[in-house]
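The values are calculated or read from the model by the stated rules, or taken from the named source; none is laboratory data. Every value quoted in this text rests on a predicted model; they were computed, and no experiment measured them. Quick reminder, even Gly has a Cβ in these numbers, built from the backbone with ideal geometry, and neighbours come from all protein chains shown.
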Amino acid sequence: MSPTSVAQLGSAVAEVMGARPFELMSLDEAVATQRTDADVAFISREVTGTSTKHEIHPALQQVYTLLRQSPGLQWVHIHSAGADRQIYQDLMAKGVRISTSSGANAQVVATVALAGLLAMARKFPLLWAEQQAREWIPMMGQRMPRDLPGQTATIVGWGPIGQKLGSLLLALGLKVVAVRQNLDPSLQGQGGVEQVSFEGLATVLPRTDWLILACPLTTKTRQLVNAHVLAALPPGAHLINVARGEVVDQDALVSALQSGHLGSAFLDVFAHEPLPTDSPLWAMPQVMVTPHAAGHSDGNEARVSQVFLDNLKCWTMGQALRNVVA
């Protein structure tokens, strides 16, 4: 655990462990002394810090090296909802169980996606640019925003984030299509939500006003949104991505935006992070770029810690862990 987690959660860990013998060590100390005898590791937000999965800072790389060199490592819990960093794939290949904090930031990400949708629907990027230029241009004629009620939002991924976002959009009067791995016939049509499989995505694209990505990165979702998918959307449709950048063919996305076929995009994730400074996405007036920050909120640390502690209790009792990556 990080020194911060040791200080904040040490007593809670001791309570969960009870009379069982254990040693609690900070990752900093473990790296410094090259301890490779850990059974469990908790990778909290401050451990990954400002590193991305594409650009890993040396201090984090040392932690990853230590984990790879720990032969008795059984389980790693991570702060994120996704486990697509290469280190986690490598550890799973060695038989290490990886559990995520899926659901801990679902409300936060869902509200950020909603904020992006509302900002695009009301043309806030355009209005902000005009504010900076001190221009007063009424929203009339072709500038007139469309009513949201009656529009269709297709949400790719129906986990905790997708479900919370779906409920918010339904409350605003949108029609919601859930694209999910496994359909549940008992839920079809309930609450106004239509379900389709990933294979059925193409059937709903022509009537999709908002294509919202809230899915994990898998072999099925990698480059799912390509030039063909974008072309199948109606002219002026919008894209919101709070999933992973690799779910989208970024070159195809840029082309669709430049041609005007895609009306706008709210993007929190990118094919390479940080987004290179020479990317055309930065300067597009119909694009909002945020630095993979949709899941950040000051209450997340406590929720992630609780998921870890709940899982630790399960681990000590030999019970199934929550959110284990298959």
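For the range 134-154, the condition holds for at least one residue, the condition being that it is out of contact with any strand residue (DSSP E or B) (no Cβ under 6 Å at 6 or more places or on another chain), of a type in the set (S, T, N, Q) and outside any helix (DSSP H, G or I).
Screening the range 112-163 for residues that are of a type in the set (S, T, N, Q) and at pLDDT 95 or above and picking the one that is surrounded by the most Cβ atoms within 10 Å (Cβ to Cβ) gives 154.
The listed residues are 232, 265, and the only one of them that is buried (at least 23 other Cβ atoms within 10 Å of the Cβ) and assigned by TED's automatic domain parsing to the domain that holds residue 115 turns out to be 265. Here residue 216 clears all of (1) farther than 19 Å from residue 54 by Cβ; (2) in contact with a Gly (Cβ under 6 Å, 6 or more places away or on another chain); (3) not aliphatic (A, V, I, L, M) except the condition numbered (1).
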